[in-house]
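Undergrad: Below are the structure tokens for one structure; questions will follow.
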Amino acid sequence: MNKLTNEIKSDNGPWWVQAIYKVGIPSAIAIFLIWALVTRIDVEILEIRENLRLHAVDSSYIIKNTNNLQQILQRICVNTSETNEERSACFP
């Protein structure tokens with residue numbers, strides 16, 4: 001143990017040992033946890049962004065088909081109406 005302490009004090013140890021020695025073990029753990037959290041959040045944000053893009057594509061497809069369906073239903077309504085009043089009720 002004394003040899004390791006001497007190596008650390010004489011700047012002969014690995015860089016990560018030197019860093020832990022200078023900031024302390026609790027700080028090194030905190031820095032690691034923050035790094036792990038930040039890198040994970042970045043991945044999550046990219047996944048959310050991609051899901052939102054796909055949702056926008058799906059939504060536009062649904063809106064287009066809903067408009068087509070509304071037009072078909074209005075045509076059916078007009079074709080089955082017997083009076084002008086019934087036909088005018090087909091268009092709100």
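Undergrad: Let me know the Kirkwood hydrodynamic radius for the chain, please, with Cα pairs as the basis and the value in Å to one decimal.
TA: Evaluated over the chain, this radius sits at 19.8 Å.
Undergrad: Looking at the chain, do any whole DSSP H helices span at least 20 angstrom along their long axis by alpha carbon and average -1.0 or above on Kyte-Doolittle, and which? Don't skip to the end; give the middle numbers.
TA: Working: long enough: 25-80 (80 Å, 0.47).
Both cut-offs are met by 25-80.
Undergrad: Now for a separate question. Multiply the residue separation of Val38 and Arg75 by 0.36 nm, subtract the distance between their alpha-carbon atoms, and state the gained length in nm to one decimal. Mind dumping the intermediate values first?
TA: Details: separation 37, 0.36 × 37 = 13.32 nm, distance 5.55 nm.
Working it through step by step, the gained length comes to 7.8 nm.
Undergrad: In sequence order, what are the phi-derived ³J(HN,Hα) couplings for the stretch 85-90 according to the Karplus relation 6.51 cos²θ - 1.76 cosθ + 1.60 with θ = phi - 60°, rounded to whole Hz, with x for glycine and proline?
TA: 5, 5, 5, 5, 6, 6
Undergrad: Still on this model: Could you calculate the FRET efficiency of Thr83 with Asp58 from 1/(1 + (r/R0)^6), where r is the beta carbon distance between them and R0 is 41 Å, rounded to 0.05?
TA: Given R0 = 41 Å and the Cβ-Cβ separation, E is 0.50.
Values quoted throughout were computed directly from the atomic coordinates according to the rules given, and no laboratory measurement underlies them. Treat the numbers as computed from the prediction; the structure is a model and nothing was measured. A quick note on method: Cβ atoms are made from the backbone with ideal geometry, for glycine too, and the neighbour counts reach across all protein chains shown.
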